[in-house]
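The values are calculated or read from the model by the stated rules, or taken from the named source; none is laboratory data. Values in this document were obtained by computation on a predicted structure and should not be read as measured data. Neighbour counts are summed over all protein chains in view; Cβ atoms, including those assigned to glycine, are modelled from backbone coordinates with ideal geometry.
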């Protein structure tokens with residue numbers, strides 16, 4: 001069964017499709033529909049939403065706004081951090097040994113004598129993800 005995309009992922013897919021198509025010439029909804037793998041009715045509604053949030057303009061073809069580019073940048077950051085954390089923690093080979101450094105008050109996870117991630121780094125990664133998500137929400141609300 002195919003995994004469903006979140007609204008955030010759909011918006012990101014549509015913006016990426018617009019960005020890719022805009023290198024050719026004016027971007028039309030039908031080309032974005034094909035790239036995004038959605039029905040025409042659904043893509044039209046998402047285009048209306050993206051325009052309402054100020055992420056795109058559609059006067060003469062579809063164009064990404066500065067706010068839309070910021071959204072793309074933040075969703076890329078979230079995706080990168082999510083994939084990085086998934087590789088670290090959800091790997092079948094993930095069987096860490098914990099090294100505690102009481103002098104520095106840190107714990108480091110290692111596997112085969114290679115450091116995986118310290119708890120402080122995991123917290124920093126999580127904060128980056130949270131900040132990126134907050135920025136997206138604030139940008140969408142401040143239309």
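Worth a mention:
- Given (1) under 21 Å from residue 138 (Cβ atoms); (2) modelled with pLDDT of 85 or more, index of the condition residue 20 fails: (1)
- Checked against (1) over 26 Å from residue 135 (Cα atoms); (2) under 19 Å from the mean Cα position of the chain (by Cα), residue 23 passes all but condition (2).
- Residue within the stretch 62-85 that is closer than 13 Å to residue 10 by Cβ, assigned by TED's automatic domain parsing to the domain that holds residue 20 and surrounded by 13 or more Cβ atoms within 10 Å (Cβ to Cβ) present: no
- Looking only at the stretch 30-45, residues that are at pLDDT 90 or above and within 11 Å of residue 62 (Cβ to Cβ) come to 1 in all.
- Among the residues of the stretch 8-24, those identified as closer than 18 Å to residue 42 by Cβ and in contact with a strand residue (DSSP E or B) (Cβ under 9 Å, 6 or more places away or on another chain) are 14, 15, 18.
- Test result for residue 109, farther than 22 Å from residue 132 by Cβ, modelled with pLDDT under 80 and surrounded by 11 or more Cβ atoms within 10 Å (Cβ to Cβ): yes
- Only helices (runs of 4 or more DSSP H) whose full extent lies in the stretch 7-53 are considered here, and the ones with at least 2 residues that are touching a residue at least 60 places away in the same chain (Cβ under 8 Å) and either surrounded by 19 or more Cβ atoms within 10 Å (Cβ to Cβ) or touching a helix residue (DSSP H, G or I) at 6+ places or on another chain (Cβ under 9 Å) (or both) are 7-21.
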